[in-house]
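Step one of this worksheet: look at the structure below.
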Amino acid sequence: MNTKIIGTGYDLPAFTADNDYLATLVDTSDEWIVERTGIRVRHLAKEETTTSMAVQAARRALEHAGVSAEDIGLLIVATITGDTETPSTACRVQAEIGAHKAVAFDINAACSGFLYGVHVADAFIRSGIYRNALVIGAETLSKIIDWTDRSTCVLFGDGAGAAVLCAAEEPGILSQSIGSNGDKWEVLACQGRPNENPLCEKGGKPGYLTMDGQEVFKFAVKTVPVCVEEALEDAGVTADDVKYFLLHQANKRIIQAVAKRLGQPEEKFPMNLDQCGNTSAASLPILLAQMDEQGLLQKGDKLILSGFGAGLTWGACLLEW
Ligand code: UT7
């Protein structure tokens with residue numbers, strides 16, 4: 001039995017902030033942001049929440065797949081910015097869309113979260129435990145950003161993407177390579193959370209994202225090509241056989257460096273980061289859904305999805321569309 005993606009959907013906040021707008025908040029410029037990252041515009045949530053965008057993306061993916069919410073056995077939301085610490089965003093999405101028979105839970109693997117979700121869903125589907133799974137990546141990173149820190153606030157955006165995965169006879173997910181390295185957790189972290197314990201001292205860590213940008217950059221450029229090559233080798237597929245490499249949309253220069261290391265033309269690396277910025281766990285499913293919407297994906301196409309993020313975490317998934 002194989003696992004196949006049979007429907008995708010995405011949702012983005014209505015409000016967009018261009019680089020000039022950010023230059024009114026911090027000491028930056030459109031020129032610097034475009035040159036160092038490739039980002040021009042990002043969507044930022046005003047009315048939208050992580051849950052509301054996850055719900056919209058899920059509804060679109062289900063409609064596209066022709067699958068009823070009632071038929072979903074497993075519902076996973078990858079997020080680091082749930083609206084509630086508990087319950088999980090997945091349980092709230094479950095209630096909103098009426099996926100009453102699903103087991104619902106969140107995954108915290110930052111920007112690799114969607115790939116982790118696909119990894120888990122694939123294992124459950126292949127083992128015959130569930131037939132249909134809904135995997136969502138959804139984030140409102142804007143609420144954990146330090147809006148006075150120019151080295152991070154220009155990078156991120158909000159949004160959600162979703163995919164319906166189902167058991168299939170025909171080829172779907174061909175191989176995956178996934179990993180974590182907790183030794184490097186401090187490189188990219190959001191440590192703040194309220195502590196009401198009367199036995200503890202007040203204070204603590206800031207509630208926003210902190211990052212060593214250059215360390216993350218180096219890690220990404222080194223790790224992504226390795227896990228992509230592992231996934232290819234595992235399936236006996238060459239990089240030349242792959243139509244598109246969908247990489248986590250963090251930085252154009254990272255994507256270009258990975259393309260170079262893999263010896264593949266940049267045209268095979270679609271990007272939406274100029275319009276969305278880095279939406280963490282939502283980045284890959286949004287890009288996949290947009291490409292699907294634009295009719296760029298044909299049956300039989302081989303695709304690689306690959307990402308990296310806080311943890312540190314990473315992953316690559318080779319699939320046949
Ligand atoms: O999902 C994973 C999330 N994280 C990432 O993907 C981050 C990966 N890293 C990166 O994308 C890059 O490292 C950044 C875009 C974050 C930074 O680019 P960089 O080329 O590594 O710049 P840098 O950190 O070496 O900084 C160069 C200069 C510094 O000024 P000085 O010390 O040379 O005077 C920074 O203060 O650029 C300055 N700078 C800025 N200037 C204008 C940093 N951010 C900005 C800014 N506008 N927004």
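Readers should treat all values here as calculations from the given coordinates under stated rules, not as data from a laboratory. Everything quoted here is computed from the prediction, not taken from an experiment. For neighbour counting, all protein chains shown are included, and Cβ atoms are generated from backbone atoms with ideal geometry for every residue, glycine included.
Summing charges over all other residues whose Cβ lies under 13 Å from the Cβ of Q256, with Lys and Arg as +1 and Asp and Glu as -1, gives +3. Helical content of the chain, expressed as a calculated mean residue ellipticity at 222 nm, amounts to -9500 deg cm²/dmol (DSSP H runs of 4 or more residues, -39,500 (n - 2.57) each, divided by residue number, nearest 500).
Summary value for region 174-320: 37 percent relative contact order, contacts being C-alpha pairs under 8 angstrom separated by 6+ residues. The distance from the alpha carbon centre of region 268-321 to that of region 2-19 is 10 Å, rounded to a whole number.
Net charge near D274, counting Lys/Arg +1 and Asp/Glu -1 over other residues with Cβ under 10 Å of its Cβ? Mind dumping the intermediate values first?
Working: positive: R40, R42, K252; negative: none.
So the environment of D274 carries a net charge of +3.
Put the Cα centre of region 220-264 next to the Cα centre of region 168-187 and the gap is 13 Å.
In whole percent, what relative contact order does the chain give with Cα contacts below 8 Å and a gap of six or more residues?
Values: 799 pairs, mean separation 83.5, N = 321.
Contact order relative to length: 26 percent.
Scoring 74-80, 213-219, 115-121, 189-195 by mean Cβ neighbours within 10 Å over their residues and listing the highest first yields 74-80, 115-121, 213-219, 189-195. From most to least packed by mean Cβ count within 10 Å, the peptides 138-146, 281-289, 43-51 give 281-289, 138-146, 43-51.
Here the contact order of region 38-138, divided by its residue count and restricted to Cα pairs under 8 Å and six or more residues apart, works out to 35 percent.
For Q256 and L25, the difference between the fully extended length at 0.36 nm per residue and the C-alpha to C-alpha distance is 80.3 nm. Net charge of the neighbourhood of A78, taken over other residues with C-beta under 13 Å away and scored Lys/Arg +1, Asp/Glu -1, is -2.
Take peptides 30-38, 201-209, 54-62, 180-188 and line them up by average Cβ neighbours within 10 Å, highest first, as a rough protection proxy.
Numbers: 30-38: 15.8, 201-209: 12.4, 54-62: 24.7, 180-188: 14.2.
Averaged packing, sorted descending, gives the order 54-62, 30-38, 180-188, 201-209.
How many nm is it between the label spots at K268 and Q294, if each spot is 7 Å from the Cα in line with the beta carbon? Rounded to a tenth, the inter-label distance reads 1.8 nm.
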